[in-house]
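A short worksheet on the structure shown next.
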Amino acid sequence: MLTLISVLLAAIIFEYSNGFHDAANAIATVVSTRVLTPRKAIAMAAFFNLTGALFGGAVASTIGKGLVDTEIVTMTTVLCAVIAAFAWNIATWWLGLPSSSSHALIGGLCGAALAAARGNWSVIKWNEGVWPKVVIPMITSPLAGFIFGALLMLLLFITLQRFTPHFVHSLFGKLQIFSAAWMAHSHGTNDAQKTMGIITLALFTGTKAGSFDHFPAWLDFLKTPVFVLPKWVIALCAVTMAVGTAAGGWRIIRTLGHRMVKLQPVHGFAAETTAALIIQAASYYGIPLSTTHVISTSIMGVGAVKRFSGMRWTVVERIIWTWLFTLPASGLIGYVLERAVGAL
C-alpha cells in the first residue's frame with residue numbers, strides 16, 4: 001500500500017510540475033506579444049489543458065505498455081521512473097530551459113526498467129515503440145515545427161503585404177487568442193496522457209502481482225486487470241495538470257517568448273498554429289511528442305523568416321543541448337534509483 005501511495009503521489013507531483021513546466025509552451029508567445037496579460041494567459045492555458053487532457057488515450061497506451069516489457073515492471077520501477085523525470089524537470093525549470101517532460105518520463109521509465117531487468121536491453125521495445133514513437137519523432141517533429149512555422153509565416157507575410165501594420169496587428173491580436181487556446185488544448189491531449197499511462201501501468205502491474213488482493217472492498221477501483229485507463233485516473237491527471245499550469249512557468253516563458261526572438265501577434269499566431277497542428281496529429285496516432293520541442297522550433301522557424309539575424313542562436317544552442325541530454329540523463333537517474341532500491 002505504501003508503494004502505491006508513493007507512486008500516486010510522485011505521479012501527481014510530476015503532473016503538477018509538467019503543468020507549470022510546460023505552461024510556457026502554450027502561452028509564451030501570447031504573453032510576449034502582449035495580446036494577453038500573464039494572469040489571463042495562464043488561466044486560459046489551465047482551462048484548455050484541462051479540456052485536452054479529458055480526450056483520447058492513445059498516448060497513454062504507448063507510455064504504459066508500448067515502450068518497455070510490462071512483465072518486468074513493478075510499482076517500484078514506476079516510482080523510480082517518475083522521480084527521475086521530476087528531478088530532471090525541476091533542474092531544467094530552475095535553469096529556465098524548455099526541456100521535454102515527455103522525454104524525461106520516457107527516459108526515466110526505460111532506465112528504471114533496464115535496471116529492473118539487470119541490464120537486459122531486450123526489455124525495452126525498440127522496434128515497435130522507442131524508435132518509431134520516440135526517437136524518430138524527436139528528430140522529425142522539431143524539423144517539422146521549424147519548416148512549417150517558416151512556411152506559414154512566409155505565406156502570411158506574402159498575403160498581408162497589402163494591409164497596414166495596424167490592421168495586421170489588430171487582426172492577429174484577436175486570432176492569436178484562438179491559436180494559443182488550441183495550443184493549450186493540444187498540449188493537454190498529449191502531455192497529460194503520459195502520466196495517465198504511468199499510473200495505469202502501476203495499477204496494472206500491482207493487480208497482476210496481487211498487491212491489491214487484501215485491500216478492503218471499497219478499494220476495488222484500484223484493480224486494473226487489463227490495461228484500460230480508469231476514469232478516476234483521467235480526471236485526476238487532467239485536474240492536476242490544469243492546477244500546475246495555473247501556477248505558471250515564468251522562467252521558461254522568458255526564454256521562449258523573449259530571449260529567442262522578439263515576436264508580434266502574427267508571428268505568435270503562426271508559431272502556435274503550427275505547433276498545435278503537429279501535436280494534435282501526433283496525439284491521434286499515439287505518439288508521445290515533446291510539445292516543448294515543437295513550439296520552440298516553430299518559434300525559431302517564424303523568427304528566422306522575420307529576420308534570421310534577429311534569432312539569438314546562443315539561446316537556441318542551449319535549448320538543443322538540453323533536448324539531447326534529456327533522454328539519457330533521465331534514463332541514467334531512473335537506472336540508478338532502481339538499482340539503489342534493489343540493493344536495499
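The values are calculated or read from the model by the stated rules, or taken from the named source; none is laboratory data. As the structure is a computational prediction, the values presented were derived from the model and not from experiment. Because the Cβ atoms are built from the backbone with ideal geometry, glycine has one as well, and the counts that use them run over all protein chains shown. The area values use the complete protein model at the heavy-atom level, side chains included, leaving out ligands, DNA and RNA. Shrake-Rupley method; radii C 1.70, N 1.55, O 1.52, S 1.80 Å.
In region 31-82, how many residues are under 14 Å from Leu114 (Cα atoms) and not in a helix (DSSP H, G or I)?
Looking only at that region, the number is 8.
Could you list, in sequence order, the residues of region 105-120 that are of a type in the set (A, V, I, L, M, F, W, C) and either over 20 Å from the mean Cα position of the chain (by Cα) or part of a loop (DSSP other than H, G, I, E, B) (or both)?
Ala113, Leu114, Ala115, Ala116, Ala117
Please specify each residue of region 191-216 satisfying the condition of being touching a Gly at 6+ places or on another chain (Cβ under 8 Å) and of a type in the set (S, T, N, Q).
Gln193, Thr200
Please pick out the residue among Val59, Val30 that is surrounded by 24 or more Cβ atoms within 10 Å (Cβ to Cβ) and under 17 Å from the mean Cα position of the chain (by Cα).
The unique qualifying residue is Val59.
Of the residues Phe227, Phe221, Phe204, Phe212, which is loosely packed, with under 15 Cβ neighbours inside 10 Å, under 26 Å from Met1 (Cα atoms) and in contact with a helix residue (DSSP H, G or I) (Cβ under 8 Å, 6 or more places away or on another chain)?
Unique residue meeting the criteria: Phe221.
Exactly one of (1) open to solvent by 10 Å² or more (accessible area, probe 1.4 Å); (2) out of contact with any His (no Cβ under 6 Å at 6 or more places or on another chain) is unmet by Gly108. Its number?
(1)
I need the full set of residues from region 1-30 which are over 17 Å from Ala85 (Cα atoms), of a type outside the set (Gly, Ala, Ser) and assigned to a helix (DSSP H, G or I), in order please.
Leu2, Thr3, Leu4, Ile5, Asn25, Ile27, Thr29, Val30 - these are the residues of region 1-30 that are over 17 Å from Ala85 (Cα atoms), of a type outside the set (Gly, Ala, Ser) and assigned to a helix (DSSP H, G or I).
Pick from region 287-344 the residues that are closer than 22 Å to Asp191 by Cα and not in a helix (DSSP H, G or I): which of them is modelled with the lowest pLDDT?
Checked region 287-344; the qualifying residue modelled with the lowest pLDDT is Ser290.
Please tell me if Phe269 is more than 30 Å from Ser32 (Cα to Cα) and either modelled with pLDDT of 85 or more or open to solvent by 10 Å² or more (accessible area, probe 1.4 Å) (or both).
Spelling it out, it is not the case that Phe269 is more than 30 Å from Ser32 (Cα to Cα) and either modelled with pLDDT of 85 or more or open to solvent by 10 Å² or more (accessible area, probe 1.4 Å) (or both).
Which pairs turn up if I take residues in region 94-109 that are hydroxyl-bearing (Ser, Thr, Tyr) and look for partners that are in a loop (DSSP other than H, G, I, E, B) and crowded, with 24+ Cβ neighbours inside 10 Å with beta carbon separation below 9 Å, at least 6 apart in sequence or on another chain?
Ser99/Ser290; Ser100/Leu289; Ser100/Ser290; Ser101/Ser290; Ser102/Pro288; Ser102/Leu289; Ser102/Ser290
What are the residues in region 208-232 that are of a type outside the set (Gly, Ala, Ser) and more than 28 Å from Leu54 (Cβ to Cβ), if any?
Asp213, His214, Pro216
Which is small (Gly, Ala, Ser), touching a residue at least 40 places away in the same chain (Cβ under 8 Å) and more than 26 Å from Gly57 (Cβ to Cβ), of Ala150, Ala180, Ala144, Ala209?
It is Ala150.
Residue-by-condition table, conditions (1) hydrophobic (A, V, I, L, M, F, W, C); (2) surrounded by 22 or more Cβ atoms within 10 Å (Cβ to Cβ); (3) assigned to a helix (DSSP H, G or I):
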{"residue": "Ser122", "(1), (2), (3)": "no, no, yes"}
{"residue": "Gly129", "(1), (2), (3)": "no, no, yes"}
{"residue": "Lys133", "(1), (2), (3)": "no, yes, yes"}
{"residue": "Ile158", "(1), (2), (3)": "yes, no, yes"}
{"residue": "Gly173", "(1), (2), (3)": "no, no, yes"}
{"residue": "Ile177", "(1), (2), (3)": "yes, no, yes"}
{"residue": "Ala180", "(1), (2), (3)": "yes, yes, yes"}
{"residue": "Met183", "(1), (2), (3)": "yes, yes, yes"}
{"residue": "Ala192", "(1), (2), (3)": "yes, yes, yes"}
